[in-house]
Amino acid sequence: MSITIKDLSCLYNKGTPFEVLALDKVSLSIGQGEFIGIIGSTGSGKSTLVQHLNGLIRPTMGEVLIDGHSLADKTTDLRRVRRTVGLVFQYPEHQLFEETVFADVAFGPKNQGVPESELRERVHEALALVGLEPDTIVDRSPFELSGGQMRRVAIAGVLAMRPQVLILDEPTAGLDPQGRDELLEQLQGLHKQSGMTVILVSHSMEEIARVATRLIVLEHGKIVADGQPRQVFAEAEMLTSIGLGVPQVTELMLALRERGFKVPRVALSLEEACEVILGLVSGGGQQ
């Protein structure tokens, strides 16, 4: 399952005083099984980009290829594309509406024509993938659940359609710290267990550093950085200049370096930073 984007541009409100170039000749390739983080300030083009990936926005300038099928081609079956590329919007729990968790998670595959005999398997599999116990939750109302549980049920509704690519736009927005941490852990586990491609849009440098294996940075509709998190966060000045910054633990490493301590420029987790600091305390690291 591959995604290829070639010279993709997107212009909103063309020919009006409110004309905005949301994407400006974006080109990139996404391989099977990657866990990609997309970051950028508000208005950088993140949501516009991911909405092109399952055909919610059709390309008008440039090309988006999903497994070789062009989404600009009007003969391409977008329903099939959307079964392959699942998109979870911000606050997906607002889209829950059925009386039971089972009915909500089953809604998508049922509309795809999945037979009744297979629906129960699909629902149980999807709920387990997001860390919910199917047998204890399927008959409950989704509106009786915690915010984090509701969000995981909404994500399960997308997973029940068995996409090969899962896109999540700010999935932790509005969650408390525990709900956020649980959801990120489930996404990591889902990626490792299923091998599916995961694309996560986030404003949080800490979240992205924790889960992504590749980062794409957007600014004014252009890709300004693309690489492993450690490589991208090493460009602290550039990231700060476009209003993003770096994870707090990386800020700590940079502050220590300014004070003469021999430490790495980048740390991606609290555990990593603690290990570095303990090394300083036990062995000395100031030059």
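No value in this document is a laboratory result; all are computed from the given coordinates. Since this is a predicted model, take the numbers as computed values, not measurements. Positions of Cβ are generated from backbone atoms using ideal geometry, with glycine treated the same way; all protein chains shown enter the neighbour counts.
Overview of values
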quantity: Total charge dipole magnitude, region 1-148, about the Cα centre, Cβ charges on Lys, Arg, Asp, Glu only, Debye to nearest 20; calculated: 740 debye
quantity: Ascending count of other beta-carbon atoms within 10 Å, so fewest first, for S29, S194; calculated: S29, S194
quantity: Principal semi-axes in Å for region 148-287 [√(5λ), Cα gyration tensor, largest first]; calculated: 31, 18, 13
quantity: Top positive-direction residue, dipole computed over region 15-83 with Cβ charges, set I57, L21, I39; calculated: I57
quantity: Most fluctuating residue given options V198, V165, V26, as computed from a GNM of the chain linking Cα atoms under 10 Å; calculated: V26
quantity: Segment E118-K192, length gained on full extension (0.36 nm per residue, minus Cα span); calculated: 24.2 nm
quantity: By average C-beta atoms within 10 angstrom, highest first, the peptides 126-133, 66-73; calculated: 126-133, 66-73
quantity: If the convex hull is drawn through the Cα atoms of region 1-135, its volume per residue in Å³; calculated: 154 Å³
quantity: GNM flexibility winner over the chain from E98, E206, E271 (Cα, springs under 10 Å); calculated: E271
quantity: Viscosity 0.692 mPa s, temperature 37 °C, Stokes-Einstein D of region 92-209 from Kirkwood C-alpha radius, µm²/s; calculated: 229 µm²/s
quantity: In Å, descending, principal axis extents of the Cα set of the chain; calculated: 68, 53, 33
quantity: For region 247-287, convex hull of alpha carbons as volume per residue, Å³; calculated: 49 Å³
quantity: Relative packing of peptides 111-118, 262-269 - highest average C-beta neighbours within 10 Å first; calculated: 262-269, 111-118
quantity: Sequence ranges 273-279, 44-50, 231-237, ranked by mean other-Cβ count within 10 angstrom, highest first; calculated: 44-50, 231-237, 273-279
quantity: FRET efficiency, 1/(1 + (r/R0)^6) with R0 30 Å, evaluated for E125 and K6 via beta carbons; calculated: 0.30
